Structures are given as C-alpha cells and as structure tokens.
Amino acid sequence: MDDATPIKPPLRVLLASPRGFCAGVDRAIQIVERAIAKYGAPVYVRHEIVHNKHVVERLKALGAVFVEELDEVPDDRPVVFSAHGVPKTVPAEAKARQMLFLDATCPLVSKVHVEAQRHYDAGREIVLIGHAGHPEVVGTMGQLPEGAVRLIEHAADAEVFEPLDPMNVAFVTQTTLSVDDTAEIVGILQRRFPGISAPHKDDICYATTNRQEAVKQLAADSDLLLVVGSRNSSNSVRLVEVGLRGGADNARLLDDASGLDWAWLEGVGTVGVTAGASAPEVLVQGLIDKLATCYDLTVEHVAPMQETVTFKLPRVLTS
C-alpha cells in the first residue's frame with residue numbers, strides 16, 4: 001500500500017428503505033416513455049410528469065415536451081396528464097378538441113377524486129387538507145364546482161373553519177402530506193365536528209407514509225439527514241421536516257450529489273440517506289459514491305418494510 005495514500009475518516013451511512021420511486025411515479029414515467037415509443041416524438045406532457053428535474057430532463061431528451069396548459073399542445077399530438085391529477089375541465093377540453101390524451105394520474109390520487117365526488121353527491125360540505133397551489137390540490141378541487149371544496153392547510157385553519165352545517169361535513173387529504181401534521185389537523189376537525197365523514201382508508205398514500213416511517217427510524221441516530229429530491233416535490237420536503245422532528249441534528253434536501261456541501265459533514269459521524277418518491281435510485285447511488293470519495297463508508301440498510309405495489313398501464317399502451 002502506498003504510504004502517501006491518505007486515510008479516509010470513517011462515516012456511517014444509514015440508508016432508508018423504502019426510498020425513491022413509488023408505483024405511481026413509476027407508472028407515470030412508463031406512460032410517457034411508452035407513448036413516445038408508440039406515437040413518436042414529440043409527446044406533450046401537461047405539467048411536470050413528476051416533481052423531479054432529472055426525470056423531466058431525461059424525458060425531454062427522449063422527445064417529451066412539457067407544457068402548463070393544453071392550449072400549448074397541437075390537436076394532432078398525444079398529451080399526457082401528470083401523476084398529480086388535473087381538474088375535470090382539462091380532459092373535457094381534450095375531448096372537445098378530439099385529442100389523444102393519456103391520463104397518468106396516480107390511482108391513489110384518483111381515489112381521492114372519487115371520494116370527493118361521493119361526498120359532493122351526498123350533499124356534504126368538503127374540506128381538503130393540503131397545500132394551496134400544489135398541482136394535486138388544484139386537480140382535486142377542480143373535480144367539483146368552484147366553492148364546493150374548502151382548503152385547510154394548517155392546524156390553525158382547522159380551529160377557525162366554520163362550515164355551513166357542522167353536522168354535514170367530510171374531509172379528504174392531499175396524498176403527499178406529513179402524516180403527523182395531517183393527524184393533528186384531522187384530530188382538530190374530529191373534535192370540533194364529531195360527525196365529520198372520513199375516508200374509508202387514509203388518503204395519504206402508502207409510499208409517503210412508508211418513506212416517512214423509514215426516516216423516523218433512522219433520524220434519531222443521524223447527525224445529518226440527506227434527502228434526495230427536488231424542492232417542488234411535496235413528499236421530499238416533508239421527509240426533511242420529519243427527519244428534523246424525529247431527532248436528526250441537521251437535514252438537507254438536495255437534487256443530486258452536486259448539491260452536497262462538504263461543510264455539512266463537519267463533526268458528523270452518522271449520515272441518514274433517503275429519497276423522495278419521485279427521485280431515481282441512480283441519484284442516491286451518486287450521492288453514496290460522492291461520500292465515498294472522502295470517507296470510508298459503512299452502509300447500513302434501515303428497512304422497516306418492503307413495497308410490492310404496482311399499477312397497471314393504460315390498455316392503449318399495452319396492446
């Protein structure tokens with residue numbers, strides 16, 4: 001061994017599992033890839049298919065064109081609706097223009113849409129717990145006539161919310177929220193309105209819940225938590241919050257290894273690593289590889305559960 005070879009300091013890495021892509025994200029990306037393969041480029045995508053810039057850039061290179069509204073899409077080219085869901089007016093416009101459109105809405109988001117419609121049909125006043133302006137919230141509120149859904153973002157909003165009929169209220173939630181924050185808001189609503197109708201099953205999706213639980217398991221042992229994901233990814237941002245709340249001394253969100261600041265590692269013995277549901281695994285590996293250039297890594301897998309969920313692709317892309 002060369003005596004001049006520097007000795008790397010040790011660094012313990014706790015790698016969360018599950019992490020990264022969920023079934024809804026995987027399905028949405030496959031829909032765009034298969035549409036390009038079947039119909040040729042360009043294939044248009046309304047809004048980012050998922051909230052990750054690396055995924056978006058890779059699909060652009062394959063022939064996807066990302067737009068914000070349908071008026072940017074020619075009538076004769078396919079258009080894909082993002083995993084976050086869209087208001088009802090969007091597919092209605094596409095049908096009116098006789099466009100070929102593919103709906104990549106996550107089935108778990110579609111479930112929330114169905115719940116909201118069911119409550120509306122039953123004459124209930126609907127509360128949506130979520131973040132204003134998020135595409136999923138815009139899509140869910142857009143399933144029903146304007147004013148039919150009231151948005152609650154914080155516990156303080158729940159304390160002052162006044163329904164028209166306190167005995168006839170229902171709630172649904174965005175699928176990518178903090179489990180703990182949402183439980184607090186739901187608790188307030190149930191205390192104030194004991195008869196409020198709840199979802200048959202939690203609206204927060206299995207992938208969001210599982211990733212937050214994995215972070216909770218490693219947070220208290222982590223001097224630093226690194227979350228791979230984009231800043232406009234709700235579930236990625238929530239992982240940072242959950243990590244800090246769970247006991248991590250520091251938590252940072254980064255798009256990829258290039259965002260790593262070595263100053264974060266000063267005095268750090270254990271690093272927790274995870275990724276949001278729209279972040280590819282290759283970005284996690286890239287981060288591990290970068291850490292390994294300066295540290296002697298010991299990687300431990302923190303695996304509370306395995307995910308086996310898959311969602312079917314639209315039949316037009318599999319026939």
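Between D75 and A132, what is the spin-label point distance in nm, taking each point 7 Å from the Cα along the Cα→C-beta axis?
3.9 nm
Given N residues in the chain, what is its alpha carbon radius of gyration divided by 2.2 N^0.38 Å? Could you put the intermediate results ahead of the total?
Numbers: Rg = 21.6 Å, N = 319, 2.2 N^0.38 = 19.7 Å.
The chain yields a ratio of 1.10.
Under 25 Å Cα to Cα from K216, which lysines show up? Leave out anything in the same chain fewer than 8 places away.
K201, K290
Among V114, V43, V242, which one moves the most in a GNM of the chain with springs linking Cα atoms closer than 10 Å?
V114
Compare the peptides 283-289, 204-210 by average per-residue count of other Cβ atoms within 10 angstrom and give them in order, highest first. Walk me through the numbers before you get to the answer.
Details: 283-289: 17.1, 204-210: 22.3.
The packing order, highest mean first, is 204-210, 283-289.
So what's the projected area for segment 107-192, the Cα convex hull averaged over all directions, in nm²?
It is 5.2 nm².
Starting from the Cα-Cα distance between V65 and K95, subtract it from 0.36 nm times their residue separation and give me the gain in nm to one decimal.
Working it through step by step, the gained length comes to 8.8 nm.
Membrane-span-like helices in the chain: DSSP H runs reaching 15 Å or more (Cα, own axis), mean Kyte hydropathy at least 0.5?
Passing helices, by number: 281-294.
To the nearest 500 deg cm²/dmol, what mean residue ellipticity at 222 nm is calculated for the chain from DSSP H runs of n ≥ 4 alone, each contributing -39,500 (n - 2.57), summed and divided by the residues?
Taking each H run of at least 4 residues, the total per residue is -11500 deg cm²/dmol.
Would you mind counting up the charge near M141? Only other residues with Cβ under 11 Å from its Cβ, with Lys and Arg at +1 and Asp and Glu at -1.
0
Any read-out appearing in this document is the output of simple, stated calculations on the displayed coordinates, not a laboratory observation. The shown structure was predicted, so the numbers you read here are calculated from the model rather than taken from an experiment. Neighbour counts are summed over all protein chains in view; Cβ atoms, including those assigned to glycine, are modelled from backbone coordinates with ideal geometry.
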